[in-house]
Amino acid sequence: MTAYLVDVHHYTHTCPANPDEPHPYDTRRTIVAVNPGGACRNPVTVSCGGTTAVIDCRRHVPREQRCPACRITVIERTVTFTHTGLHGPQHPTDNTGIAA
Ligand SMILES: [Zn+2]
Ligand SMILES: [Zn+2]
């Protein structure tokens, strides 16, 4: 099994859609480590135009049918939050042309 170790960072805010409860509006995932699962345990032989090749099953079959070595697991090492506060209705043009 190939394992990806990731750090997850959620940016949360409150906004008019849900002013009472901070909720994530952006999520960043950073891969910190990859632990390769090793050689494919169920290689697939494909033939094309007279040549045959043996390829890892991860390159040929849907995820559910892959051998254990080719499955991918994501492990969330840390999950952190940044609360950016209340986001009001966005009116990007409000400030243009106004001499404050
Ligand atoms: Zn929101
Ligand atoms: Zn495989």
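The values are calculated or read from the model by the stated rules, or taken from the named source; none is laboratory data. Remember, predicted model here, so these are calculated numbers, not experimental data. Glycine also receives a Cβ, built like all others from the backbone with ideal geometry; neighbour counts cover every protein chain displayed.
Brief remarks follow.
- Flag for Ala39 being farther than 22 Å from Tyr4 by Cα, away from ligand 1 (no atom under 16 Å from the Cβ), aliphatic (A, V, I, L, M) and surrounded by fewer than 11 Cβ atoms within 10 Å (Cβ to Cβ): no
- The residue that is nearest to ligand 2 (Cβ to nearest atom), among those in region 51-63 that are in a loop (DSSP other than H, G, I, E, B) and either surrounded by 12 or more Cβ atoms within 10 Å (Cβ to Cβ) or of a type in the set (Gly, Ala, Ser) (or both), is Asp56.
- The residues on offer are Asp26, Asp20, and the sole one that is surrounded by fewer than 13 Cβ atoms within 10 Å (Cβ to Cβ), under 30 Å from Leu86 (Cβ atoms) and more than 26 Å from the chain's Cα centre (by Cα) is Asp20.
- In region 1-32, the residue that is nearest to Cys67 (Cα to Cα) out of those that are among the aliphatic types (A, V, I, L, M) and touching a residue at least 40 places away in the same chain (Cβ under 8 Å) is Met1.
- Residue count for region 64-100, restricted to those that are away from ligand 2 (no atom under 16 Å from the Cβ), among the acidic types (Asp, Glu) and at pLDDT 90 or above: 1.
- Any chance Gly38 is in contact with a strand residue (DSSP E or B) (Cβ under 9 Å, 6 or more places away or on another chain) and on the phi > 0 side of the Ramachandran plot: yes
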